[in-house]
(Lines give C-alpha, C1' and ligand atoms only; values in the text may rest on other atoms or scores of the structure.)
Protein backbone atom coordinates (compact mmCIF):
# COMPACT_ATOMS: atom_id res chain seq x y z
CA UNK A 1 0.00 0.00 0.00
CA UNK A 2 1.13 3.54 -0.75
CA UNK A 3 0.34 5.91 2.11
CA UNK A 4 0.71 9.02 -0.04
CA UNK A 5 -1.57 7.76 -2.80
CA UNK A 6 -4.15 5.82 -0.75
CA UNK A 7 -5.19 8.22 1.99
CA UNK A 8 -8.16 6.17 3.16
CA UNK A 9 -5.89 3.52 4.68
CA UNK A 10 -4.59 6.02 7.25
CA UNK A 11 -7.80 5.65 9.26
CA UNK A 12 -7.05 1.99 9.94
CA UNK A 13 -3.97 3.09 11.90
CA UNK A 14 -5.74 5.73 14.01
CA UNK A 15 -6.90 3.30 16.69
CA UNK A 16 -5.13 0.38 18.36
CA UNK A 17 -2.09 -0.91 16.52
CA UNK A 18 -2.82 -4.60 17.01
CA UNK A 19 -1.10 -6.16 13.96
CA UNK A 20 -3.55 -9.06 13.58
CA UNK A 21 -6.56 -6.72 13.60
CA UNK A 22 -4.76 -4.38 11.20
CA UNK A 23 -4.15 -7.25 8.79
CA UNK A 24 -7.76 -8.38 8.97
CA UNK A 25 -8.94 -4.87 8.10
CA UNK A 26 -6.33 -4.45 5.36
CA UNK A 27 -7.39 -7.77 3.82
CA UNK A 28 -10.99 -6.58 3.68
CA UNK A 29 -10.09 -3.13 2.32
CA UNK A 30 -7.85 -4.45 -0.48
CA UNK A 31 -9.62 -7.80 -0.97
CA UNK A 32 -6.29 -9.61 -0.64
CA UNK A 33 -5.71 -12.28 2.02
CA UNK A 34 -2.65 -11.67 4.21
CA UNK A 35 -1.08 -15.05 4.94
CA UNK A 36 2.11 -15.36 7.04
CA UNK A 37 4.89 -17.01 5.04
CA UNK A 38 3.13 -16.25 1.72
CA UNK A 39 2.28 -12.55 1.84
CA UNK A 40 4.69 -9.63 1.89
CA UNK A 41 3.15 -6.56 3.54
CA UNK A 42 4.84 -3.52 1.96
CA UNK A 43 4.24 -0.06 3.44
CA UNK A 44 5.37 2.39 0.76
CA UNK A 45 5.84 6.14 1.45
CA UNK A 46 5.40 5.24 5.09
CA UNK A 47 6.56 8.69 6.21
CA UNK A 48 3.09 9.98 5.25
CA UNK A 49 1.49 7.94 8.06
CA UNK A 50 3.37 8.25 11.35
CA UNK A 51 1.21 5.64 13.20
CA UNK A 52 2.15 3.08 10.51
CA UNK A 53 5.81 3.58 11.42
CA UNK A 54 4.94 3.07 15.08
CA UNK A 55 3.08 -0.13 14.22
CA UNK A 56 6.26 -1.80 12.95
CA UNK A 57 7.48 -2.68 16.44
CA UNK A 58 4.17 -4.43 17.19
CA UNK A 59 4.39 -6.45 13.99
CA UNK A 60 7.79 -7.61 15.20
CA UNK A 61 6.60 -8.40 18.73
CA UNK A 62 3.13 -9.86 18.10
CA UNK A 63 3.17 -11.08 14.50
CA UNK A 64 6.80 -12.05 13.78
CA UNK A 65 5.84 -14.77 11.28
CA UNK A 66 4.59 -12.11 8.83
CA UNK A 67 7.11 -10.41 6.53
CA UNK A 68 6.84 -6.61 6.64
CA UNK A 69 8.85 -3.94 4.80
CA UNK A 70 8.44 -0.20 5.15
CA UNK A 71 10.04 2.26 2.72
CA UNK A 72 9.88 5.99 2.26
CA UNK A 73 11.70 9.22 1.61
CA UNK A 74 12.66 11.73 4.29
CA UNK A 75 12.14 9.05 6.93
CA UNK A 76 14.59 10.76 9.29
CA UNK A 77 12.18 13.68 9.61
CA UNK A 78 9.23 11.38 10.28
CA UNK A 79 11.17 9.42 12.91
CA UNK A 80 11.84 12.64 14.80
CA UNK A 81 8.10 12.81 15.55
CA UNK A 82 7.98 9.35 17.15
CA UNK A 83 8.72 9.00 20.90
CA UNK A 84 10.08 5.46 20.45
CA UNK A 85 11.09 3.75 17.23
CA UNK A 86 11.30 0.25 18.68
CA UNK A 87 15.01 -0.15 19.34
CA UNK A 88 16.18 -3.69 18.63
CA UNK A 89 12.96 -4.58 16.80
CA UNK A 90 13.39 -2.82 13.47
CA UNK A 91 16.31 -3.26 11.11
CA UNK A 92 17.23 -0.31 8.92
CA UNK A 93 18.80 -0.64 5.47
CA UNK A 94 20.53 2.34 3.87
CA UNK A 95 19.81 2.30 0.15
CA UNK A 96 21.74 4.20 -2.50
CA UNK A 97 21.40 4.46 -6.28
CA UNK A 98 22.73 1.48 -8.25
CA UNK A 99 26.47 0.78 -8.11
CA UNK A 100 28.61 0.33 -11.21
CA UNK A 101 28.54 -3.48 -10.74
CA UNK A 102 24.73 -3.39 -10.57
CA UNK A 103 24.71 -1.25 -13.70
CA UNK A 104 26.75 -3.88 -15.56
CA UNK A 105 24.27 -6.54 -14.45
CA UNK A 106 21.33 -4.38 -15.56
CA UNK A 107 22.71 -3.92 -19.10
CA UNK A 108 23.42 -7.65 -19.48
CA UNK A 109 27.21 -7.54 -19.11
CA UNK A 110 27.45 -10.39 -16.60
CA UNK A 111 30.50 -11.96 -18.28
CA UNK A 112 32.31 -8.62 -18.24
CA UNK A 113 31.46 -8.24 -14.55
CA UNK A 114 32.88 -11.71 -13.83
CA UNK A 115 36.08 -10.87 -15.70
CA UNK A 116 36.38 -7.57 -13.81
CA UNK A 117 36.14 -9.36 -10.48
CA UNK A 118 38.88 -11.82 -11.45
CA UNK A 119 41.40 -9.18 -12.53
CA UNK A 120 44.43 -8.63 -10.27
CA UNK A 121 47.74 -6.80 -10.25
CA UNK A 122 49.42 -9.99 -11.41
CA UNK A 123 46.83 -10.57 -14.11
CA UNK A 124 45.20 -7.31 -15.28
CA UNK A 125 42.57 -7.35 -17.97
CA UNK A 126 43.68 -7.28 -21.63
CA UNK A 127 43.62 -3.77 -23.09
CA UNK A 128 40.45 -4.22 -25.24
CA UNK A 129 38.46 -5.43 -22.21
CA UNK A 130 39.97 -2.72 -20.02
CA UNK A 131 38.86 -0.10 -22.57
CA UNK A 132 35.39 -1.63 -22.77
CA UNK A 133 34.98 -1.26 -19.01
CA UNK A 134 36.23 2.33 -19.10
CA UNK A 135 33.64 3.11 -21.77
CA UNK A 136 30.93 1.68 -19.53
CA UNK A 137 32.26 3.74 -16.59
CA UNK A 138 31.94 6.88 -18.71
CA UNK A 139 28.35 5.99 -19.56
CA UNK A 140 27.64 5.33 -15.90
CA UNK A 141 29.08 8.74 -14.92
CA UNK A 142 26.55 10.34 -17.27
CA UNK A 143 23.58 8.15 -16.37
CA UNK A 144 24.19 7.72 -12.65
CA UNK A 145 22.50 4.92 -10.76
CA UNK A 146 18.91 6.08 -10.28
CA UNK A 147 16.83 2.99 -11.16
CA UNK A 148 14.37 4.82 -13.43
CA UNK A 149 17.24 6.23 -15.50
CA UNK A 150 18.93 2.84 -15.87
CA UNK A 151 15.61 1.20 -16.76
CA UNK A 152 15.13 3.77 -19.51
CA UNK A 153 18.65 3.15 -20.84
CA UNK A 154 18.16 -0.63 -20.82
CA UNK A 155 14.89 -0.20 -22.71
CA UNK A 156 16.02 2.18 -25.45
CA UNK A 157 19.83 2.40 -25.21
CA UNK A 158 19.69 6.16 -25.78
CA UNK A 159 21.77 8.27 -23.39
CA UNK A 160 20.27 11.53 -24.65
CA UNK A 161 16.71 10.48 -23.89
CA UNK A 162 17.79 9.52 -20.36
CA UNK A 163 18.59 13.20 -19.84
CA UNK A 164 14.88 13.97 -19.80
CA UNK A 165 14.34 11.32 -17.11
CA UNK A 166 17.12 12.93 -15.06
CA UNK A 167 15.53 16.35 -15.52
CA UNK A 168 12.19 14.98 -14.27
CA UNK A 169 13.92 13.46 -11.22
CA UNK A 170 15.70 16.73 -10.45
CA UNK A 171 12.39 18.60 -10.65
CA UNK A 172 10.82 16.10 -8.23
CA UNK A 173 13.76 16.32 -5.82
CA UNK A 174 13.60 20.10 -5.73
CA UNK A 175 9.83 20.03 -5.30
CA UNK A 176 10.40 17.89 -2.21
CA UNK A 177 12.29 20.79 -0.62
CA UNK A 178 8.88 22.23 0.20
CA UNK A 179 8.47 19.39 2.72
CA UNK A 180 11.31 20.89 4.79
CA UNK A 181 9.89 24.43 4.84
CA UNK A 182 8.78 24.10 8.47
CA UNK A 183 12.45 24.22 9.43
CA UNK A 184 14.19 26.25 6.70
CA UNK A 185 12.73 28.40 3.89
CA UNK A 186 12.27 26.54 0.61
CA UNK A 187 14.42 28.96 -1.43
CA UNK A 188 17.27 28.75 1.09
CA UNK A 189 17.45 24.96 0.74
CA UNK A 190 17.42 25.26 -3.05
CA UNK A 191 20.27 27.81 -2.94
CA UNK A 192 22.41 25.61 -0.72
CA UNK A 193 21.70 22.54 -2.85
CA UNK A 194 22.84 24.36 -5.99
CA UNK A 195 25.93 25.60 -4.15
CA UNK A 196 26.86 22.04 -3.18
CA UNK A 197 26.93 21.19 -6.88
CA UNK A 198 29.01 24.26 -7.78
CA UNK A 199 31.53 23.68 -4.98
CA UNK A 200 32.09 20.00 -5.76
CA UNK A 201 35.69 18.90 -5.55
CA UNK A 202 36.68 21.48 -2.94
CA UNK A 203 35.93 22.24 0.68
CA UNK A 204 32.42 23.61 1.17
CA UNK A 205 32.51 27.34 1.92
CA UNK A 206 29.40 28.68 3.63
CA UNK A 207 29.82 32.24 2.38
CA UNK A 208 29.65 31.00 -1.21
CA UNK A 209 26.31 29.29 -0.60
CA UNK A 210 24.19 32.41 -0.13
CA UNK A 211 25.60 35.92 0.23
CA UNK A 212 22.64 37.49 2.08
CA UNK A 213 21.96 34.63 4.48
CA UNK A 214 23.23 33.94 7.97
CA UNK A 215 25.75 31.17 8.55
CA UNK A 216 23.20 29.47 10.80
CA UNK A 217 20.52 29.27 8.09
CA UNK A 218 22.97 27.86 5.57
CA UNK A 219 24.10 25.25 8.09
CA UNK A 220 20.50 24.29 8.87
CA UNK A 221 19.70 23.92 5.17
CA UNK A 222 22.84 21.84 4.60
CA UNK A 223 22.08 19.61 7.60
CA UNK A 224 18.59 18.96 6.22
CA UNK A 225 20.01 17.98 2.82
CA UNK A 226 22.48 15.64 4.52
CA UNK A 227 19.75 14.12 6.69
CA UNK A 228 17.60 13.52 3.61
CA UNK A 229 20.46 11.65 1.90
CA UNK A 230 20.65 14.03 -1.07
CA UNK A 231 24.03 15.36 0.04
CA UNK A 232 26.82 13.23 1.52
CA UNK A 233 29.57 14.90 3.59
CA UNK A 234 33.26 13.99 3.41
CA UNK A 235 34.84 15.18 6.66
CA UNK A 236 38.43 16.15 7.30
CA UNK A 237 40.40 13.87 9.65
CA UNK A 238 43.92 14.22 10.98
CA UNK A 239 44.21 10.42 10.48
CA UNK A 240 46.86 9.92 13.16
CA UNK A 241 45.20 6.71 14.30
CA UNK A 242 41.98 4.71 14.48
CA UNK A 243 39.10 5.31 14.52
CA UNK A 244 39.32 8.00 11.87
CA UNK A 245 36.33 9.81 13.34
CA UNK A 246 38.21 10.48 16.59
CA UNK A 247 40.14 13.28 14.88
CA UNK A 248 37.45 14.46 12.49
CA UNK A 249 36.79 18.15 12.02
CA UNK A 250 33.16 18.74 10.94
CA UNK A 251 33.96 22.40 10.21
CA UNK A 252 36.00 21.27 7.21
CA UNK A 253 33.96 19.23 4.80
CA UNK A 254 33.59 18.49 1.12
CA UNK A 255 30.15 17.57 -0.19
CA UNK A 256 29.06 14.87 -2.61
CA UNK A 257 25.76 14.66 -4.43
CA UNK A 258 23.96 11.33 -4.15
CA UNK A 259 24.28 10.53 -7.87
CA UNK A 260 26.72 11.39 -10.68
CA UNK A 261 23.92 11.51 -13.28
CA UNK A 262 22.07 14.20 -11.34
CA UNK A 263 25.40 15.94 -10.68
CA UNK A 264 26.43 16.20 -14.33
CA UNK A 265 22.93 17.24 -15.37
CA UNK A 266 22.79 20.08 -12.85
CA UNK A 267 26.22 21.30 -13.94
CA UNK A 268 25.26 21.12 -17.60
CA UNK A 269 28.36 19.16 -18.55
CA UNK A 270 28.91 18.21 -22.18
CA UNK A 271 28.34 14.46 -22.23
CA UNK A 272 30.46 14.02 -25.35
CA UNK A 273 33.45 15.34 -23.37
CA UNK A 274 32.91 12.61 -20.78
CA UNK A 275 32.36 9.87 -23.35
CA UNK A 276 35.25 10.65 -25.66
CA UNK A 277 37.92 12.36 -23.56
CA UNK A 278 40.66 10.33 -21.86
CA UNK A 279 41.24 13.05 -19.31
CA UNK A 280 38.51 14.46 -17.10
CA UNK A 281 40.59 17.42 -15.89
CA UNK A 282 38.80 19.66 -18.37
CA UNK A 283 35.42 18.40 -17.12
CA UNK A 284 34.78 20.37 -13.94
CA UNK A 285 38.37 19.70 -12.82
CA UNK A 286 37.76 16.00 -12.43
CA UNK A 287 35.15 16.42 -9.68
CA UNK A 288 32.85 13.88 -11.34
CA UNK A 289 35.50 11.13 -11.03
CA UNK A 290 36.04 11.99 -7.37
CA UNK A 291 32.28 11.89 -6.79
CA UNK A 292 32.06 8.50 -8.48
CA UNK A 293 34.76 6.92 -6.29
CA UNK A 294 33.28 8.29 -3.07
CA UNK A 295 29.79 7.03 -3.94
CA UNK A 296 31.15 3.62 -4.97
CA UNK A 297 32.96 3.34 -1.63
CA UNK A 298 29.70 4.08 0.21
CA UNK A 299 27.81 1.50 -1.85
CA UNK A 300 30.45 -1.12 -1.07
CA UNK A 301 30.01 -0.78 2.70
CA UNK A 302 27.43 -2.72 4.70
CA UNK A 303 23.87 -1.56 4.00
CA UNK A 304 22.96 -2.09 7.67
CA UNK A 305 24.88 0.91 8.98
CA UNK A 306 25.51 4.44 7.82
CA UNK A 307 29.21 4.90 7.13
CA UNK A 308 31.14 8.16 7.07
CA UNK A 309 33.62 9.30 4.44
CA UNK A 310 36.81 11.17 5.32
CA UNK A 311 39.55 13.10 3.54
CA UNK A 312 42.89 14.53 4.67
CA UNK A 313 44.68 17.73 3.89
CA UNK A 314 47.61 19.72 5.19
CA UNK A 315 47.97 23.42 4.61
CA UNK A 316 51.50 24.73 4.89
CA UNK A 317 53.41 27.59 3.32
CA UNK A 318 55.95 25.27 1.79
CA UNK A 319 53.84 22.24 0.92
CA UNK A 320 50.06 21.96 0.88
CA UNK A 321 48.72 18.45 0.34
CA UNK A 322 45.35 16.75 0.10
CA UNK A 323 44.21 13.14 -0.14
CA UNK A 324 40.73 12.65 -1.59
CA UNK A 325 39.62 9.85 0.75
CA UNK A 326 40.98 8.08 3.80
CA UNK A 327 39.47 4.78 4.86
CA UNK A 328 40.11 2.02 7.36
CA UNK A 329 40.90 -1.49 6.12
CA UNK A 330 41.27 -3.89 9.05
CA UNK A 331 43.81 -2.20 11.35
CA UNK A 332 45.37 -0.04 8.64
CA UNK A 333 44.66 3.42 7.29
CA UNK A 334 44.56 3.62 3.50
CA UNK A 335 44.80 6.99 1.71
CA UNK A 336 43.05 7.19 -1.67
CA UNK A 337 43.73 9.58 -4.51
CA UNK A 338 41.49 9.94 -7.55
CA UNK A 339 43.08 10.98 -10.81
CA UNK A 340 40.84 12.07 -13.65
CA UNK A 341 43.28 10.96 -16.35
CA UNK A 342 46.12 8.50 -16.85
CA UNK A 343 48.96 10.60 -15.49
CA UNK A 344 49.72 12.81 -12.54
CA UNK A 345 52.08 13.08 -9.62
CA UNK A 346 51.24 11.42 -6.31
CA UNK A 347 53.10 13.79 -4.00
CA UNK A 348 50.21 14.05 -1.53
CA UNK A 349 49.94 10.27 -1.25
CA UNK A 350 53.67 9.85 -0.67
CA UNK A 351 53.63 12.66 1.89
CA UNK A 352 50.70 11.10 3.75
CA UNK A 353 52.37 7.67 3.81
CA UNK A 354 55.59 9.20 5.13
CA UNK A 355 53.81 11.16 7.89
CA UNK A 356 51.49 8.29 8.93
CA UNK A 357 53.85 5.35 8.35
CA UNK A 358 52.96 3.75 11.69
CA UNK A 359 49.35 3.24 10.58
CA UNK A 360 49.40 3.61 6.79
CA UNK A 361 51.50 1.09 4.86
CA UNK A 362 49.96 1.28 1.39
CA UNK A 363 48.17 3.96 -0.61
CA UNK A 364 45.69 3.57 -3.46
CA UNK A 365 45.11 5.58 -6.62
CA UNK A 366 42.13 5.32 -8.96
CA UNK A 367 42.57 6.48 -12.54
CA UNK A 368 41.95 5.48 -16.14
CA UNK A 369 45.08 3.30 -16.01
CA UNK A 370 45.03 -0.47 -15.78
CA UNK A 371 46.28 -2.24 -12.64
CA UNK A 372 49.84 -1.23 -11.73
CA UNK A 373 51.92 -0.12 -8.73
CA UNK A 374 54.52 2.51 -7.81
CA UNK A 375 56.56 1.68 -4.70
CA UNK A 376 53.96 1.44 -1.90
CA UNK A 377 51.07 2.86 -3.95
CA UNK A 378 48.71 0.53 -5.78
CA UNK A 379 46.95 1.85 -8.88
CA UNK A 380 43.42 0.61 -9.55
CA UNK A 381 41.39 1.29 -12.69
CA UNK A 382 38.42 3.57 -12.05
CA UNK A 383 35.99 0.68 -12.52
CA UNK A 384 37.54 -1.41 -9.71
CA UNK A 385 36.36 0.40 -6.57
CA UNK A 386 34.29 -2.59 -5.45
CA UNK A 387 37.27 -4.93 -5.91
CA UNK A 388 39.43 -2.58 -3.84
CA UNK A 389 36.78 -2.43 -1.11
CA UNK A 390 36.39 -6.23 -1.08
CA UNK A 391 40.03 -6.56 -0.07
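The values are calculated or read from the model by the stated rules, or taken from the named source; none is laboratory data. Here the structure is a predicted model, which means the values were calculated and not measured. Glycine gets a Cβ as well: all are built from the backbone with ideal geometry, and neighbour counts include every protein chain shown.
Residues in the stretch 214-232 that are surrounded by fewer than 18 Cβ atoms within 10 Å (Cβ to Cβ) and either touching a helix residue (DSSP H, G or I) at 6+ places or on another chain (Cβ under 6 Å) or not assigned by TED's automatic domain parsing to the domain that holds residue 287 (or both): 215, 227.
Quick one: is residue 232 in contact with a strand residue (DSSP E or B) (Cβ under 9 Å, 6 or more places away or on another chain), part of a helix (DSSP H, G or I) and within 14 Å of residue 193 (Cβ to Cβ)?
Considered against the rule, which asks whether it is in contact with a strand residue (DSSP E or B) (Cβ under 9 Å, 6 or more places away or on another chain), part of a helix (DSSP H, G or I) and within 14 Å of residue 193 (Cβ to Cβ), residue 232 comes out as no.
For the stretch 149-162, state whether one or more residues are surrounded by 12 or more Cβ atoms within 10 Å (Cβ to Cβ), at positive phi and in the same structural domain as residue 277 (by TED's automatic domain parsing). The answer is no, given that none of the residues of the stretch 149-162 is surrounded by 12 or more Cβ atoms within 10 Å (Cβ to Cβ), at positive phi and in the same structural domain as residue 277 (by TED's automatic domain parsing).
Pull up the stretch 94-115, narrow it to residues that are surrounded by 13 or more Cβ atoms within 10 Å (Cβ to Cβ) and not in a helix (DSSP H, G or I), then point me to the one that is modelled with the lowest pLDDT. Of everything passing the filter in the stretch 94-115, 94 is modelled with the lowest pLDDT. Residue 193: in contact with a strand residue (DSSP E or B) (Cβ under 9 Å, 6 or more places away or on another chain), over 23 Å from residue 334 (Cα atoms) and in a helix (DSSP H, G or I), yes or no? For residue 193, the condition - in contact with a strand residue (DSSP E or B) (Cβ under 9 Å, 6 or more places away or on another chain), over 23 Å from residue 334 (Cα atoms) and in a helix (DSSP H, G or I) - is met. Please tell me if residue 210 is more than 22 Å from the chain's Cα centre (by Cα) and closer than 25 Å to residue 331 by Cα. When the stated conditions are applied, residue 210 does not pass them.
Among the residues making up the stretch 3-28, those that are modelled with pLDDT of 95 or more and farther than 14 Å from residue 51 by Cβ are 20, 23, 24, 27, 28.
Given the criteria in the same structural domain as residue 260 (by TED's automatic domain parsing), on the phi > 0 side of the Ramachandran plot, touching a helix residue (DSSP H, G or I) at 6+ places or on another chain (Cβ under 9 Å) and not in a helix (DSSP H, G or I), does residue 201 qualify? Taking the combined requirement at face value, the residue satisfies it.
Annotation note: of 249, 240, the sole residue that is in the same structural domain as residue 173 (by TED's automatic domain parsing), within 22 Å of residue 356 (Cβ to Cβ) and part of a strand (DSSP E or B) is 249.
Being assigned to a helix (DSSP H, G or I) and free of Cβ contacts under 8 Å to residues at least 40 places away in the same chain is the filter; apply it to the stretch 28-46 and report the residue that is nearest to residue 1 (Cα to Cα). So the residue we want is 30. At least 1 residues being in the same structural domain as residue 140 (by TED's automatic domain parsing) and at pLDDT 90 or above is the threshold, and among the helices (runs of 4 or more DSSP H) wholly inside the stretch 259-373 those reaching it are 260-267, 287-300, 347-355. Quick check on the stretch 204-212. Is at least one of its residues surrounded by 18 or more Cβ atoms within 10 Å (Cβ to Cβ), under 22 Å from residue 168 (Cα atoms) and at pLDDT below 95? Scanning the stretch 204-212 turns up no residue that is surrounded by 18 or more Cβ atoms within 10 Å (Cβ to Cβ), under 22 Å from residue 168 (Cα atoms) and at pLDDT below 95.
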